[in-house]
1. Return the average number of partner chain Cβ atoms within 10 angstrom of each residue Cβ along peptide B:12-18.
2. If I take every Cα pair under 8 Å that is 6 or more residues apart in the stretch A:104-334, average their sequence separation and divide by the length, what percent do I get for the relative contact order?
3. Sorted from fewest to most neighbouring beta carbons within 10 Å, what does the list A:172, A:251, B:188 look like?
4. Which whole number gives the average count of other chain Cβ atoms within 10 Å of the Cβ atoms across peptide B:41-52?
5. Can you compute the modelled spin-label distance between residue A:194 and residue A:240, with each label point 7 Å from Cα toward Cβ, in nm?
6. As I understand it, the value is the acute angle between the Cα axis of helix A:3-27 and the longest principal axis of the Cα atoms of chain A; what does it come to in degrees, rounded to 10?
7. Could you work out [θ]222 nm for the protein assembly as shown from helices alone, using -39500 (n - 2.57) per DSSP H run of at least four and dividing by all its residues? Round to the nearest 500 deg cm²/dmol.
8. How do A:300-310, A:320-330 rank on mean C-beta neighbours within 10 Å, highest first?
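Coordinate-derived values only; no laboratory data. A quick note: this is a predicted structure, and the numbers were derived from the prediction, not measured. When we count neighbours, we look across all protein chains shown, and the Cβ atoms used for this are built from the backbone with ideal geometry, even at glycine.
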């Protein structure tokens, strides 16, 4: 069958199946299992209403358990085993971790991930806050915001191509077609530089891509937060003689502190999972490896599921503090 | 309101200029790729794309028509013709007849030929050689012209990439594959999540708070963890690599955000309407279908856009769950990565392929930005 036809089929089956499941299961509950009539009508209605939420929840939570919760534990288990020929697994304790910690590529990934974690959330949030504040009071602010927000829609792979053109290098005797080298030569550089092969600094050229994308996200959220600040506080500060910079840093920023933290942590999670950019631009060569790409390498190139799972657990470990913090916040909010 | 104390106009200017600079900085890389996708290979490798937006000067050497084609008009022997093809819009700045003096004449002037006779060239590139005696020789007169060309762009790259190109650089089938992945993977999680979100928002049962906390927790679980266990599972139950697997994976990975977004929105719906409906005897199923779903349209739209952008732009999930060894089901992002590896220098193909893949999300983005922003604001964990 043609895949597109299969797609239409799946949509139909999916939609009819979902609606059918919910409708029929409700009918079954109300008419057959606990009919709202007869001598026990009242008790039956109560019973039905106690079961109904679970009917509504079941498909979603079944999928969540299977696709997100179970893999966490399965990955943990796999990270403690080795795959043997013939689809058998052998428990090896912490061997995979020990082996991984002995690899220089792993530590290189850790170092780079830490660099990304330090630079990208800070730069994106900073730029986002700057743009949000600057565009707040100008007429064409919305157009400006929408243009800076645009990279959010572009795939990381697309962004990688876009930026590879920016970083392109041609031999010295030719015209440079990458903007960065053209500028470098224009301002008196003697030879074009291959930016992506410069160890250590090339990490920052890769980070620029993610910062370029995430700034729009930070800007949208922070801009809404800035608008939500009560005007009286700003008026009072101005009447007391505060300058624009004082108003911004001493009145506005403290009031949106919580939103800044939320933006920061959201971008942090995006950074921990960063894969496409590195995969498409350098594939971890020239000391640009990051954990997610290291893991992909182990899984699908080296075919080592043990170490692959172990490195996935490291990513999970790094995400856990944010996970706990988010859950606690959500629970506090519900009270 | 910030102007209560009077704005300094210099500061306002600084604000305008810095916003302009930031917007330019953010737009510049994308525009570069966009412009490059309309240039030919030669143009791309010989000069930066920013130069292609302005007229460029070129030195050309062109031969006039050969003496065989001369005509006799009233006692004068004449060779006439055009230096440029009809579709080229060159403008001659200076010209000459010898390589040592290529800028000897300006357009409209008449020059002497060494072998006798005169020659004139107009700015549009029309030349005319005149002589009282017949022109001798086989080869036409050489004309050296310095001409400006207006910016020149072509749609050929798009034609190659979408229709005529070799299969390794064809985006046509990859485009369809991407679409096939995206649409079911966007619609199905919405339905599943909407019911769950309603239960979490408006139904009372023990353990509700715990389930909401679980959803918030799963929101940040990196999908990297799910790759091996699920691939193992798919292989074990016989789905293998293919569309079914990638649809299911995208559905599973999209659910936490969907449930979270929709629940947050549904909780904010007016309580009175729902309770009135209950009092009037509507069942939960009826309330959900007739009240909640239509009222939640903005949130549904927000999530649909997120999920669409994410599945369209995804590389990792497609690589793991969809693309098998035959490569028949490759998606656009994967195609582009392959091209980056094998034809890293072919900028015209790369740029065009990337733009084909980017264009759909960009259209969605600009058309439905309102919902996207709303969804972002609701979705960031507070």
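1. Mean shielding count: 3.
2. Values: 254 pairs, mean separation 63.9, N = 231.
Once normalised by length, the contact order is 28 percent.
3. Details: A:172 11, A:251 16, B:188 26.
In order of increasing Cβ crowding within 10 Å: A:172, A:251, B:188.
4. Values: counts 0, 0, 1, 3, 5, 4, 5, 10, 4, 3, 3, 0.
Average per residue, whole number: 3.
5. 5.8
6. With rounding to tens, the tilt is 40 degrees.
7. Numbers: 27 runs with 410 residues, N = 717.
Calculated at 222 nm, the ellipticity per residue is -19000 deg cm²/dmol.
8. Values: A:300-310: 19.4, A:320-330: 15.9.
Descending mean neighbour count gives A:300-310, A:320-330.
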